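The values are calculated or read from the model by the stated rules, or taken from the named source; none is laboratory data. In this text the structure is predicted, and so the values were computed from the model without any measurement. Every residue, glycine among them, receives a Cβ derived from its backbone with ideal geometry; neighbour counts consider all protein chains shown.
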Amino acid sequence: MTAELFWMALTALATVGILGATIWMVNRQVKAQENANRISLTMRMIERYDDMRKERKALAIVLENGGSPGAVTLESVADHLDTVAVLHKRKLLDDDLIENVFSMPIRFWWQAVKYDVTNMRIIFNDFYEDFEYLSDKYDVLEKARGKDPIITQEALSNFLMSELQS
């Protein structure tokens, strides 16, 4: 009877070991797929932003001329950047790629539209709050890197001019 118990125990341990290894492999595959999904979604967000040249240019024209953009002009760019911020907050995007591509545009676009968004918040109090949050986060990162996070009017104007030329 002892040998039989020994083999049963050994079989149980082997089964637990195989089950543990299987769970570990599945977990690795799930994480790899989540990472691939993050990168894929990030690349789609980058491509969409690149495809918005016309909308970005229209918004830059209004802002560079000192105007206040209408909702339609503002929303296409601001909605996209707010979506990037929401997806970033939910950890659905690749942090390094998003920071590399969007940290500067998000900070500059927020600086350019924050007055108009503040006025819109009279009606919708949480309008573009994730866009603002991510801009603030990137300001903090700039400061941590020893850079001045303040965007001067000249720097903002140069950014808007670059959008006009794209």
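Data for the structure
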| read-out | value |
| --- | --- |
| Qualifying positions in the stretch 44-73 - within 18 Å of Lys114 (Cβ to Cβ) and in a loop (DSSP other than H, G, I, E, B) | Asn65, Gly66, Gly67, Ser68, Pro69, Gly70 |
| Residue match in the stretch 95-111 (condition: of a type in the set (Lys, Arg) and touching a residue at least 24 places away in the same chain (Cβ under 8 Å)) | yes |
| Residue in the stretch 53-60 that is farther than 18 Å from Phe131 by Cα, surrounded by 11 or more Cβ atoms within 10 Å (Cβ to Cβ) and out of contact with any Leu (no Cβ under 8 Å at 6 or more places or on another chain) present | yes |
| Elements of type helices (runs of 4 or more DSSP H) contained in the stretch 74-165, each with 3 or more residues being within 19 Å of Met45 (Cβ to Cβ) and modelled with pLDDT of 95 or more | 95-120, 129-144 |
